[in-house]
Every structure is written in C-alpha cells, then in structure tokens.
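Just below is one structure, and these are the notes that go with it.
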Amino acid sequence: MRKRISAILCALALISTLTTQAFAKEITIHGRLQKTVEAGGWLIATNGEKYLILNATQFQNQSWFKEGSEVEAAGETKPDAVTIYMEGVPFEARTMRPLQGTATGGGQKSPRFTRVKVGGDAIVQAQPDTAIVTISVVSQARQALQAQQETATKSDAVVRTVKAAMGAGAEIKTSGYSLVPQRIYKENQPPTIVGYEARNSVTVTISDLTKVGAVIDAASEAGANDITGIAFTLRKDRPAKDQALSEATRTAIGKAQVIAKALNGRVVRVVEVEEEGLVRPMPVYEAQVDTMRARVGAATPIEVGTLDVSSRVQLIAEIEVG
C-alpha cells in the first residue's frame, strides 16, 4: 500500500513539473513599449502578442524607456500571475535593452512616433421649429389705479384672443409687469408726477410657425400695443448637434492626416478627443413688429430663416514617421 501511494505522489510531482515546463518558459521578445491600465503600467507589443512587464519599475529610470521605444527583452513568462485586466501575457524581464533603430530585417530604421494636437470646427444650418413672441399691453393714465385697470382689461382680452388663434396646446405665460410713475423735471424743482404707465407682458411660444403672423395680428387687434420681436429657435436640436459634432471630428482628423502626410508618415491612432463647448442654436431675432399694419387690414408677413448650430472638438493623434 505504501509503495502504491509513493508511486502516485511521484507521478503527480512529475505531472506538475511537466505542466510548469510547458507553460513557464524563457523567451526573448522584440517589440514596442506601450502604456497599459494594468498595475504594472507597461507592456511590450509584438506583431502577434502583448506581454505585460511585471517588473517594469526595474527599467523605468532608463532614458530610452518610454512609449513607442522598440526593445529586446529576455525573461520568463509567468502563467500563474494574476492581473486585474489580464491585458497581455504576464512576463518578468531579466534583461531589456533598446534596439535604437537597428535593423530587425533589411537594415531599415525603426519608425518614430510623435503626437499632434489639432482642432476641428463645424457649423450646421437647421430650420427653426419654434417661435417665441413677447407681447405687451401698455396703458397711461393720471391715476395709478386707472392705468392698472385699463392694462388688466386689455391684457385679458389679448390673452383670450391669442389662445383662440393658437388653438389647443397654447403656451402663454406672464413674463413681466411694471407700474412706473411719469415725472416732469424742472430746473431747481423736485420732479412732479403727472401720470402712471402700466405694462403687462406675456411670452407666447408657437410651435406651428405658420400661425406666427396670425397670432401677432390677433394680439394687436385685441389691444396689444408693444410687440418687442420674434425669436426663432430649435427645440429638437439633437440631430443638428450630432451632425455638427460629427463634422467637427472629421475635420480634426483630416487636419491630423494632412500633418502626417507632410511628415511622410501616417496617423496610427487617435489618443484623445475632447468636445469644446458645443454651441446650441442661437435664436434668430426679427425686428420689432409694427402693430399698425394689422389695424389697416394687412396681414403681418413672417419669413423664417435658418439657425446655425456650431461644434468644436480637439483631438490628439499619434503619427508614425518612418
């Protein structure tokens, strides 16, 4: 029985030795240094494999130890080593040296790498889908109460009329109210209040742009006497913003490729991309509307223009210069 147990143990030991020899082995690597998110921080990338350097700190004080350097390293793979991301084959280097542009075949120099920082801008034109109109009723009277009451009566009529002109889903909200005394100034005398001006303003948001002129005319006929202008804007701006961002990115990449071509190289990869302040579509303002046109029966013409949606990106590209 003891002989049988001894034989089994010897067999297991032999299997363990053979397994270790099969997976842990001495190798020599030719490749390029790259940074990695692993705890070791560095790896050697060859044509067909990546090797995570477990003892990178041993070589990091060397001047040639930097990203992109071509090196030759001799050491042992460590199949039992466990890393966080398992990025590459764990490898412990016994020696490492730079190849310094020596020929790995045919006497050609190793390529050099550099980075460029470029920017890209794009402007996309979009059709507005919303109009914002500010409508006011202004009344003047000798007494404050009289100015207030007259403004309130006219404002109520304006709001009801505008709602009827817009139909269901009308968006109207009060945007301002003021009661200001009217003064006369005489030399060497205190100012004298001769009356009051009351102003009630509402903001009307119109989704159907074909109704903008009709809303203005209806408000004027109901008593509005100050329409401060129209702002056209874009509520559903995501497609336009995405298009501008895409075009800005392509512009930046195109610049990097032009630089690479001038250096007789090529863009290897984009290292970093940063969006710089996407500009939302700015409202287009029309001039103040002449409310008297509605009073003489002429419909107010409204021409809707386009909006500019801008985007800017900066990117860092790595260029291989052979």
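Nothing in this text is a laboratory measurement; each read-out follows from the coordinates by a stated rule. Predicted, not measured: the structure shown is a model, and the values here were computed from it. No Cβ is skipped: glycine too gets one built from the backbone with ideal geometry, and neighbour counts run over all protein chains shown.
With N the number of residues in the stretch 130-233, Rg(Cα) / (2.2 N^0.38 Å) evaluates to 1.26.
Given the Cα-Cα distance of residue 64 and residue 187 and 0.36 nm per residue of separation, how much length would full extension add, in nm? Could the numbers behind the result be given before it?
Working: separation 123, 0.36 × 123 = 44.28 nm, distance 8.52 nm.
That pair, residue 64 and residue 187, stretches by 35.8 nm at full extension.
Calculated FRET efficiency, residue 113 to residue 304, Cβ-Cβ distance, R0 = 56 Å: about 0.65 to the nearest 0.05.
For labels at residue 129 and residue 156 in the simple 7 Å Cα→Cβ model, what's the distance in nm? Label-label distance for residue 129 and residue 156, simple model: 3.7 nm. In order along the stretch 62-70, the phi-based Karplus estimate (6.51 cos²θ - 1.76 cosθ + 1.60, θ = phi - 60°) of 3J(HN,Hα) comes to 7, 5, 7, 7, 8, 4, x, 5, 8 Hz; Gly and Pro are listed as x.
Can you give the local net charge around residue 256? Use residues other than it whose beta-carbon is closer than 15 angstrom to its beta-carbon, Lys and Arg +1, Asp and Glu -1. Let's see the in-between values first.
Values: positive: 115, 117, 250, 255, 261, 266, 269; negative: 121, 272, 274, 318, 320.
My count for the surroundings of residue 256 gives +2.
Determine, from the Cβ-Cβ distance of residue 84 and residue 46 and an R0 of 30 Å, the FRET efficiency 1/(1 + (r/R0)^6), rounded to the nearest 0.05. List each step's numbers first, then the result.
Numbers: r = 22 Å, r/R0 = 0.73.
Efficiency for this residue pair is about 0.85.
Can you figure out the FRET efficiency of residue 225 with residue 246, using R₀ = 45 Å and their beta-carbon distance, to the nearest 0.05?
Values: r = 47 Å, r/R0 = 1.05.
It comes out at approximately 0.45.
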